[in-house]
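Notes follow the structure.
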Amino acid sequence: MRLKDQVALITGGASGLGRALVDRFVAEGARVAVFDKSAERLKLIETAHGDKVISCLGDVRSLADHKAAAANCTERFGRIDCVIPNAGIWDYSTPLVDLPEDRIDAAFDEVFSVNVKGYLLAVKACLPALVESRGSVIFTISNAGFYPNGGGPLYTASKHAVVGLVRELAFELAPHVRVNGVAPGGIGTDLRGPGSLGLGEQSISSVPLADLLASVLPIGRMPAVEEYTGAYVFFASRTDAAPATGSTLNYDGGLGVRGFFSAAGGHDLPEKLKLAQGEKR
Ligand SMILES: NC(=O)c1ccc[n+]([C@@H]2O[C@H](COP(=O)([O-])OP(=O)(O)OC[C@H]3O[C@@H](n4cnc5c(N)ncnc54)[C@H](O)[C@@H]3O)[C@@H](O)[C@H]2O)c1
């Protein structure tokens, strides 16, 4: 129970990575305000976790909705220790050349208002409570915050912008609030695209990510969504992560250490060391 008595607010908490974070934070002893636009999925979380959670229905592009969520959370749980801006959309790696001229304005605005403005507004609305609790912010970034080809220019630029938010806000909110980021790699979730590009109903679950990533990642497989949650518990923990602010964790299966000729340089280690190869994990 590393987060006993903490209160967290998680945006995009009704699905995918956010939902796994809600489940993990509750298991670690936290109470969680779940901010999402899906009323249906919020209900499922209430059913699963009862009075350990509250639902905050809203759109992360709206400051009023963030303020209502923050007020709802402090009213019900008395405080906010950790905010995780996490709700996002992906551009399905649409390259610049394929962005239609008549939709580029709307697509840029949509991706940036969810992925960047939505993050900024979450912190803005929770700031008084965070300063009061000497709390922390943990932004969900992506491998696209560091490397090309994890999205098209809209998604990649939006996630690079979040790295900037980590650095700027870690400075601005110190010494009261720690601000860090976690940059996961591909995850089998329900990540959607911008409606302005006709991708609002497209789900990343339709992409054979597990097969694609097995040969691309040094760790040799796509991690399950639950396996990404430990980093957030670490950054939220006041005892374990007291020195951590302004840091971003590349948590993507090793994309930064891929080789030229293969993803994993040590695939033949068991043979070379004459070890019986254990079951592949
Ligand atoms: N899936 C991946 O491969 C992957 C990889 C790296 C980073 N990420 C990041 O992880 C985060 C979570 O995405 P996911 O993969 O779990 O996707 P997901 O679609 O399963 O979950 C995202 C949640 O955000 C909510 N949401 C979206 N737009 C919203 C809005 N305007 N207002 C309120 N709620 C909104 C959705 O309803 C959904 O519940 C995103 O920031 C994404 O960029 C995902």
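The values are calculated or read from the model by the stated rules, or taken from the named source; none is laboratory data. Only a predicted model underlies this, so the values are computations on that prediction, with no experimental measurement involved. All Cβ positions, even for glycine, are placed from backbone atoms using ideal geometry, and neighbour counts span all protein chains on display. Just the protein is used for accessible areas: all its heavy atoms, side chains included, with ligands, DNA and RNA removed. Shrake-Rupley method; radii C 1.70, N 1.55, O 1.52, S 1.80 Å.
What residue, among those in the range 208-219 that are exposed (fewer than 13 other Cβ atoms within 10 Å of the Cβ) and part of a loop (DSSP other than H, G, I, E, B), is farthest from the ligand (Cβ to nearest atom)?
Out of the qualifying residues, it is Ser215.
Quick one: what pairs do we get from the range 128-149, first residue within 16 Å of the ligand (Cβ to nearest atom), second β-branched (Val, Ile, Thr) and part of a loop (DSSP other than H, G, I, E, B), C-beta under 7 Å, 6+ apart or different chains?
Cβ pairs passing all conditions: Val137/Val177.
Within the range 124-153, count every residue that is part of a helix (DSSP H, G or I) and either more than 26 Å from Ser93 (Cα to Cα) or open to solvent by 10 Å² or more (accessible area, probe 1.4 Å) (or both).
The total comes to 12.
How many residues does the range 169-207 hold that are of a type in the set (S, T, N, Q), in contact with a Lys or Arg (Cβ under 9 Å, 6 or more places away or on another chain) and within 12 Å of the ligand (Cβ to nearest atom)?
3
Of everything in the range 233-245, what is part of a loop (DSSP other than H, G, I, E, B) and open to solvent by less than 40 Å² (accessible area, probe 1.4 Å)? Give them in sequence order.
The answer is Ser237, Ala241, Ala244.
Could you tell me whether any residue of the range 246-265 is part of a helix (DSSP H, G or I) and buried (at least 16 other Cβ atoms within 10 Å of the Cβ)?
Looking for residues that are part of a helix (DSSP H, G or I) and buried (at least 16 other Cβ atoms within 10 Å of the Cβ), one finds at least one in the range 246-265, hence yes.
Do we have Val166 as out of contact with any Cys (no Cβ under 6 Å at 6 or more places or on another chain), within 10 Å of the ligand (Cβ to nearest atom), over 14 Å from Val131 (Cα atoms) and open to solvent by less than 30 Å² (accessible area, probe 1.4 Å) here?
no
What number of residues within the range 220-232 satisfy the criterion of being surrounded by fewer than 17 Cβ atoms within 10 Å (Cβ to Cβ), part of a loop (DSSP other than H, G, I, E, B) and of a type outside the set (D, E, K, R)?
So the count comes out to 2.
Scan (1) among the aliphatic types (A, V, I, L, M); (2) within 10 Å of the ligand (Cβ to nearest atom); (3) farther than 23 Å from Leu169 by Cα for the single condition Ile10 breaks and write down its number.
Failed condition: (3).
Scan the range 168-195 for residues that are of a type outside the set (A, V, I, L, M, F, W, C), assigned to a loop (DSSP other than H, G, I, E, B) and either under 27 Å from Pro223 (Cα atoms) or touching a residue at least 60 places away in the same chain (Cβ under 8 Å) (or both) and report the count.
8
Just need a number here: residues in the range 20-44 that are within 10 Å of the ligand (Cβ to nearest atom) and buried (at least 24 other Cβ atoms within 10 Å of the Cβ).
Final tally of qualifying residues: 4.
Those residues that are in contact with a His (Cβ under 9 Å, 6 or more places away or on another chain) and part of a helix (DSSP H, G or I), I need them from the range 19-64; list them, please.
Hits for the range 19-64 are Val22, Asp23, Val26.
Restricting attention to the range 75-123, report how many residues are within 16 Å of the ligand (Cβ to nearest atom), outside any helix (DSSP H, G or I), open to solvent by 10 Å² or more (accessible area, probe 1.4 Å) and not polar (S, T, N, Q).
Residues in the range 75-123 being within 16 Å of the ligand (Cβ to nearest atom), outside any helix (DSSP H, G or I), open to solvent by 10 Å² or more (accessible area, probe 1.4 Å) and not polar (S, T, N, Q): 5 in total.
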